[in-house]
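Undergrad: If you scroll down you'll find the structure; I have some questions about it.
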Amino acid sequence: MRRRIEKLIFFFCLLAVWQVIYKMKIWSPFLFPSPFEVFDALRLGFGDRTFLIGVGISMRRIAIGYGISIVLGLALGLLIAMNDFLENTIGSLVLSLQSLPSICWLPLALLWFGLSEAAILFVVVMGSLLAVTINTESGVRNVPKIYMLAGRNLGANGARLFLHVLLPASLPYLISGLKQGWAFAWRSLIAGEMIYGSLGLGFLLMMGRDLNDMSQVLAVMGLIMFLGYVVDRVFFVNVERHIRSRWGFAPTS
Amino acid sequence: MSEPNDISRMTSAAFELPQFAELRQPKLRVSGVSRKFATPNGTSVIALEHISLEVRPGEFLCIVGPSGCGKSTLLSLMAGLDTPTSGEIFLDGQRVDGPGTGLSVIFQELGLFPWLTVLQNVEFGLKMKGMERAERRKRAMEFLRLVHLSSFESSYIHQLSGGMKQRVALARSLATQPDVLFMDEPFAALDAQTRDLMHEELERVWKETGQTIVFVTHNVREAVRLGDRVMLLTFRPGRVKTVFPVILERPRHLEDADLAHTAREVLAQLKEEINKAVEEEYSHAAKD
Ligand SMILES: Nc1ncnc2c1ncn2[C@@H]1O[C@H](COP(=O)(O)OP(=O)(O)OP(=O)(O)O)[C@@H](O)[C@H]1O
Ligand SMILES: [Mg+2]
């Protein structure tokens, strides 16, 4: 409760300082709008539904792209973890690709898929797939041998061993992977949408620039921040905390 | 409620005199088993050499020996988790060639599943057998009652004390009603008081279920406290040195004079092996 109040006061002060600087008229109001103007831009954006549509479209894209990443990443991570040959080959490929900023995939995607929805999805998938894969792999590898031994000893093997032992035992790591994957997916999506994207939040951001409307730029930035924060901090952190307390170990990351 | 539960059925089965042929047939027979391990420098270590032993139905057999003599290796072999370099192992006259639910192991680390409740842990083996939900729930509850943990059915593993975890592991293994239950130094990590309690608990559960148990420990008094027989292994290569029958009345207590007397006998022979082990360590160290 105290921490929450601290946080509230901090953000309030931040807005106040912003307003004061605005009042001092150091920069032109076009370049440095007041918090009220940004708030107005938000209200307007939601009023004429452009922001609502933008959020909806971005959310749809991330749901598809991130969904594909989860399915592929879990499968790929598992395969790599269970096969030494794949670990040595595909595993190193994944690790080296991971060092590539995901937006680097956009030119390639545009050439392959043209100016299309598929190009954006491709960038989102490439951005988050690798993180999910790598975390899945290390999660599965880190499952204490004793669980597998015990599971096998109690009569689980093959698919049932996988479903009832390996998967739940590696869940804490899988969640970290999904969380990281989400962060990458979100960043990749917005970057992709800024360069090419019909509607979507990244597009609204660039539109603000084209209209020379700093209030809209800041409003959309705030919106992107807020959505990313909600999923990351509120959803994943709580899921992680729940799993960690259930599994009985203290939070590490 | 006239329906007999599984536990009472198992207890009464222990009193029904089987055929004489069956009486002579051991539950588990280890015949001339050796196990070598390859070492990184190309030579091989003979962990076990020519081990032969028999475990009788319903027997509590303890295996002791100095550290590194091959107790865990022998247990893995008997449980079908490892294959011998030579020799054979038979369960009820059938050759053991892999892990089976008839051979259940409780490892020192237990391997209880933290993502499941206590009850779900005990149910696990039954679920893997394909037993239907209501029935396995009932059976699991019976075994939780047997280890006095029924009020903790919906707790998670990390919420339990060390001794309680031991009892969950015991219930989880017993619930599958294995032919032989193997335990590898299960109580080594417990404090003395909890260990005493676990000895009582295990002895009682063993009596109530008639479960055949093979119990590995390096603690001689523990072995004499629990076992019908105590088997002492030699140090490298691991061979059967002596088998001590323990003919003491049950329930036993660690402080009993008779128990201490038997333990001293076993300990005297174990000391010889430990000395051998220490000498070998020193000669290795001198070479290096
Ligand atoms: N997988 C393995 N590879 C190589 N050597 C092994 C392996 N497992 C066991 N050994 C060797 O076999 C011997 C017996 O080991 P084992 O673990 O069975 O001993 P133990 O009697 O259980 O010892 P402790 O009381 O310390 O648990 C040891 O010398 C060990 O180094
Ligand atoms: Mg051992």
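One line per residue, one yes/no per condition, for (1) among the charged types (D, E, K, R); (2) closer than 17 Å to B:H199 by Cα; (3) without any contact (Cβ under 8 Å) to a residue 60 or more places away in the chain; (4) in contact with a strand residue (DSSP E or B) (Cβ under 7 Å, 6 or more places away or on another chain):
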position: B:S150; (1), (2), (3), (4): no, no, yes, no
position: B:S154; (1), (2), (3), (4): no, no, yes, yes
position: B:V168; (1), (2), (3), (4): no, yes, yes, no
position: B:A175; (1), (2), (3), (4): no, no, yes, no
position: B:V180; (1), (2), (3), (4): no, no, no, yes
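Undergrad: Being within 11 Å of ligand 1 (Cβ to nearest atom) and open to solvent by less than 10 Å² (accessible area, probe 1.4 Å) is the filter; apply it to region B:72-81 and report the residue that is nearest to the other protein chains (Cβ to nearest Cβ).
TA: Among those that are within 11 Å of ligand 1 (Cβ to nearest atom) and open to solvent by less than 10 Å² (accessible area, probe 1.4 Å), it is B:L75.
Undergrad: I would also like to ask the following. (1) at pLDDT below 90; (2) more than 22 Å from the chain's Cα centre (by Cα): which one isn't true of A:S96, the others all being true?
TA: Result: A:S96 fails condition (2) only.
Undergrad: Where in region A:62-159 are there helices (runs of 4 or more DSSP H), lying wholly inside it, with at least 3 residues that are open to solvent by 10 Å² or more (accessible area, probe 1.4 Å) and within 14 Å of chain B (Cβ to nearest Cβ)? Don't jump to the end; show me each part of the working.
TA: Details: elements: A:92-98, A:105-113, A:117-142, A:145-153.
Fully inside region A:62-159 and qualifying: A:145-153.
Undergrad: Another question about this same structure. I'm told B:G125 meets every condition in (1) touching a strand residue (DSSP E or B) at 6+ places or on another chain (Cβ under 6 Å); (2) among the small types (G, A, S); (3) within 12 Å of chain A (Cβ to nearest Cβ) except one. Can you identify the failing condition by its number?
TA: Result: B:G125 fails condition (1) only.
Undergrad: Moving on to the next point. Taking the stated definitions as given, is B:P57 in contact (Cβ under 8 Å) with a residue 60 or more places away in the chain, within 16 Å of ligand 2 (Cβ to nearest atom) and more than 14 Å from chain A (Cβ to nearest Cβ)? Before you say what the answer is, go through the steps one by one.
TA: Working: in contact (Cβ under 8 Å) with a residue 60 or more places away in the chain: yes; within 16 Å of ligand 2 (Cβ to nearest atom): no; more than 14 Å from chain A (Cβ to nearest Cβ): yes.
Spelling it out, it is not the case that B:P57 is in contact (Cβ under 8 Å) with a residue 60 or more places away in the chain, within 16 Å of ligand 2 (Cβ to nearest atom) and more than 14 Å from chain A (Cβ to nearest Cβ).
Undergrad: Being within 16 Å of ligand 2 (Cβ to nearest atom), open to solvent by less than 50 Å² (accessible area, probe 1.4 Å) and under 15 Å from B:L112 (Cα atoms) narrows it down to one of B:M164, B:M183, so name that one. Can you show your working first?
TA: Numbers: B:M164 fails: within 16 Å of ligand 2 (Cβ to nearest atom).
That would be B:M183, the only listed residue that is within 16 Å of ligand 2 (Cβ to nearest atom), open to solvent by less than 50 Å² (accessible area, probe 1.4 Å) and under 15 Å from B:L112 (Cα atoms).
The values are calculated or read from the model by the stated rules, or taken from the named source; none is laboratory data. Quick caveat: nothing in here was measured; it's all calculated off a predicted structure. Backbone-built Cβ (ideal geometry, glycine too); neighbour counts: all protein chains shown. In case anyone asks, the SASA skips ligands and DNA or RNA and just uses the protein heavy atoms, side chains included. Shrake-Rupley method; radii C 1.70, N 1.55, O 1.52, S 1.80 Å.
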